[in-house]
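So the structure is just underneath, and the comments pick up after that.
The values are calculated or read from the model by the stated rules, or taken from the named source; none is laboratory data. Because the structure is a prediction, the values reported are computed rather than measured. Cβ placement follows ideal geometry from the backbone for every residue including glycine, while neighbour counts extend to all protein chains displayed. Accessible surface areas use protein heavy atoms only, side chains included; no ligands, DNA or RNA. Shrake-Rupley method; radii C 1.70, N 1.55, O 1.52, S 1.80 Å.
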Amino acid sequence: MPAALSPRASSAMHPLHSLLLAFPVALFPGALLSDITYLQSSEMQWSNFSAWLITGALVFGGLALVWSIAALVLGKPLHFLALVLALMWVAGLLNAFQHSHDGWSSVGTTGLTLSIVSSVLALAAGWNGYSPSREART
């Protein structure tokens, strides 16, 4: 039977876990784009958009992190995913605190850097979470 049709070829993640992970994968890069737009235009509403996108990413990223930790406790091999999600969530939380400042200091260099770090970690978590499990590749 081809590996693509094999029952073992599925990801180690539960479909609902994948759905929760999809939100930070989309929302953190959206916040990064919103930060870049704010830095180019100085229109404060773009910083507000970023703050809301980061908040949504933290809510769903936190739920995905809790699910990953529960999967680790149950013995599923999601160690790297849980680590990347934890780092992503902490960077996103620091980014949310940065975006709570007023005016230019809400984004600036620190906010943009934290948005880049959060986005890269979210994309890394998505890449790892959606890739086939090691057992399926062998």
With A91, A64, A70 as the choices, which residue is within 19 Å of L32 (Cα to Cα) and either out of contact with any strand residue (DSSP E or B) (no Cβ under 6 Å at 6 or more places or on another chain) or of a type in the set (S, T, Y) (or both)?
A91
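Count, please, the residues in segment 40-64 that happen to be touching a helix residue (DSSP H, G or I) at 6+ places or on another chain (Cβ under 7 Å), more than 12 Å from H99 (Cα to Cα) and at pLDDT 90 or above.
Just the residues of segment 40-64 that are touching a helix residue (DSSP H, G or I) at 6+ places or on another chain (Cβ under 7 Å), to begin with: 46-47, 49-51, 53-58, 60-64.
Pick out the ones that are also more than 12 Å from H99 (Cα to Cα) and you get 56-58, 60-64.
Next cut, at pLDDT 90 or above only: 56-58, 60-63.
Result for segment 40-64: 7.
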Every pair of residues 6+ apart whose Cβ atoms lie under 6 Å, when the first sits in segment 98-125 and is in contact (Cβ under 8 Å) with a residue 40 or more places away in the chain while the second is among the hydroxyl-bearing types (S, T, Y)
H99/S50; H99/S106; S106/S47; V107/Y38; V107/S47
Please go through segment 53-81 and give me each residue that is out of contact with any Phe, Trp or Tyr (no Cβ under 9 Å at 6 or more places or on another chain) and free of Cβ contacts under 8 Å to residues at least 40 places away in the same chain, ordered by number.
V66, I69, A70, L72, V73, L74, G75, H79
Total residues in segment 55-75, condition polar (S, T, N, Q) and open to solvent by less than 20 Å² (accessible area, probe 1.4 Å):
1
Inside segment 76-108, can you point out the residues that are polar (S, T, N, Q), open to solvent by 10 Å² or more (accessible area, probe 1.4 Å), in a helix (DSSP H, G or I) and modelled with pLDDT of 85 or more?
Q98
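Tell me which residues, restricted to segment 25-54, are among the small types (G, A, S) and either over 29 Å from N128 (Cα atoms) or open to solvent by less than 20 Å² (accessible area, probe 1.4 Å) (or both). Steps first, please.
Filtering segment 25-54 down to residues among the small types (G, A, S) leaves 26, 30-31, 34, 41-42, 47, 50-51.
Listed by number, the residues that qualify are A31, S34, S41, S42, S47, S50.
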